[in-house]
1. Could you tell me how many of the residues in segment 128-164 are β-branched (Val, Ile, Thr) and at pLDDT below 80?
2. In segment 107-141, what residues are at negative phi, part of a loop (DSSP other than H, G, I, E, B) and more than 10 Å from the chain's Cα centre (by Cα)?
3. Do we have GLN436 as of a type outside the set (A, V, I, L, M, F, W, C) and either touching a strand residue (DSSP E or B) at 6+ places or on another chain (Cβ under 7 Å) or part of a strand (DSSP E or B) (or both) here?
4. Would you point out which residue out of ASN456, ASN428 is over 28 Å from the mean Cα position of the chain (by Cα), more than 25 Å from SER295 (Cβ to Cβ), buried (at least 19 other Cβ atoms within 10 Å of the Cβ) and not assigned by TED's automatic domain parsing to the domain that holds LEU136?
5. Please indicate, with yes or no, whether at least one residue in segment 273-294 is surrounded by fewer than 20 Cβ atoms within 10 Å (Cβ to Cβ), in contact with a Pro (Cβ under 7 Å, 6 or more places away or on another chain) and in a strand (DSSP E or B).
6. Which condition number does VAL73 fail, the rest of (1) more than 20 Å from PRO167 (Cβ to Cβ); (2) touching a residue at least 40 places away in the same chain (Cβ under 8 Å) being met?
7. Looking at segment 86-105 only, could you name the residues that are under 30 Å from ALA137 (Cα atoms) and either of a type in the set (Asp, Glu) or surrounded by fewer than 21 Cβ atoms within 10 Å (Cβ to Cβ) (or both)?
Amino acid sequence: MKLDDLFKFHFDECRPFQKRVYDRAAGKTVKGVTADSRKVKKGDVFVCLVGEHVDGHVYVAQAVRAGAIAVVVQSTEAISKPLLDTLPVLRCDNTYKALAMLSARFYGKPAEMLTMVGVTGTNGKTTVVHLVEKILAQAGRQSALLGTLGLKSSVRQTTVASSLTTPMAEDLQQQLAMLKDEGFDSVVMEVSSHALWQDRVYGCDYDVAVFTNLTQDHLDYHKTMEAYFQAKALLFTGLKPASDKPKAAVINLDSEYGLRLKTMCPTNVQVLTYGLKTDNPDTVADVRAENLQYSIHGATFDCRYPGGSAPVSLKIAGQFGVYNALAAIATGLALNIDMAVIKAAVESVDAIRGRFEVVADKPVVVVDYAHTPDGLQNILSAVKAVIPKGGRMITVFGCGGDRDVSKRPKMGRIAETMSDLLVVTSDNPRTEDPQQIITDILAGIERFDAGRMQVNPDRLAAIHQAIDLAKDNDVVVVAGKGHEDYQILADRTIHFDDRQVVQEYLKSNTPV
């Protein structure tokens, strides 16, 4: 692609195209677009992002030495005069948005040629995208998912690991282009609040937007719940209906934020709600579950939806698992997929890795990603509802470092109230002192009872300790890390997989 063609993009936040930039760009061939100066290669366009800790403008000279043929900036103050006089420098008010638009243009706007489903919310995104991708595959679509567990497809052997819930714009557009070129026609992806606020998904034309819930998380970044909600809402207010491409919003009506979100969707967007509550006839969801029954390995219910009812038997456990299934079912209906196909798909999905995943049977050990107050309460409530008679719930959990501090005592209080036995431990301490994180958690515990509560900063030893405490009919819940197979310390990242730790310890203690 020629640089002058790439730079012909338009959006409100960009200043008018600069004539001298056009003249300098003419004839140059672009090989890539990136915001990471360490990845710049000859022929790339370098976009300067202003982050929380790093300002990309200070790396312009480094990027040019590495071969950048143009830069996109919010300010020219940090750029030397010789570079300004010779280099194509495009100035924009929002380089995050510019990065997204340039990346989309460079890769041929792949989202416009795909059926795009975006899922946002504090909890449940990973499970919902897996279920929706399975529904699409069951319907004969060439489908893929993007999210916390990376890029995956149940119809093809396509797997790409990811360190972010939603990739940075240049990586996202590259992956979408790869999927389109390989013949995929549908993509369902997790869309984080960070990604929405940072315009990583700007230029993605979503066909269906899905809202799971909103509870406390990421306040270290968003500061307030209202700001957090407004970030999530961008996925819905940004839906752009067209006569040839109708759009839909799938919303959890049992959430107070879902009730607000329903009123914020643009005109002509189909709104399909889901939920469990039936106490108020004015807020009964379009897609809902009735006659619910739970077990440690799943749930059954009758799914009521516009035009009918169908019995559903899930291999995904817990009330939150039912909510996630309803979200996926409603999404399938919004995509005009037959209910029989939807039912077959959701019933075929096993527990998602690290989400109410039963990793051992004697004793029963459940590993879950719960790392927020609501997430912890959900998993403990779900387990408590299916513990065998006379059994106890033993909980192991910690909180991550360099993240929202205010949720730690809340999680401590939840664990104290709901658990029979409790082991407070470390999670991903990052640059914080693990003992200080534990102290913050313990501040939420009203009465520390040494008879049923233990503290062990060593997560490996804490998990072993919880398993040793377990008797017949007890269930051990290891919460916080779920699918993660690493632990982030102050000076390094080490391999650590809760599931592997549990299974290896039980195997080593099994008589030969």
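The values are calculated or read from the model by the stated rules, or taken from the named source; none is laboratory data. This one's a predicted model, so the numbers in the text were calculated from it and none came from an experiment. Here Cβ is always computed from backbone atoms with ideal geometry, including for glycine, and neighbour counts include all displayed protein chains.
1. Qualifying residue count, segment 128-164: 4.
2. Answer for segment 107-141, where residues must be at negative phi, part of a loop (DSSP other than H, G, I, E, B) and more than 10 Å from the chain's Cα centre (by Cα): TYR107, LEU114, ALA139, ARG141.
3. no
4. The conditions single out ASN456.
5. Checked against the condition, which is being surrounded by fewer than 20 Cβ atoms within 10 Å (Cβ to Cβ), in contact with a Pro (Cβ under 7 Å, 6 or more places away or on another chain) and in a strand (DSSP E or B), segment 273-294 yields no hits at all.
6. The number of the failed condition is (2).
7. Correct list: ARG105 only.
Results for (1) at pLDDT below 95; (2) aliphatic (A, V, I, L, M); (3) touching a strand residue (DSSP E or B) at 6+ places or on another chain (Cβ under 8 Å), shown as yes or no for each residue.
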residue	(1), (2), (3)
PRO16	yes, no, no
LYS28	yes, no, yes
VAL33	no, yes, yes
VAL40	no, yes, yes
VAL50	yes, yes, no
ILE69	yes, yes, yes
VAL72	yes, yes, yes
ASP85	yes, no, no
CYS92	yes, no, yes
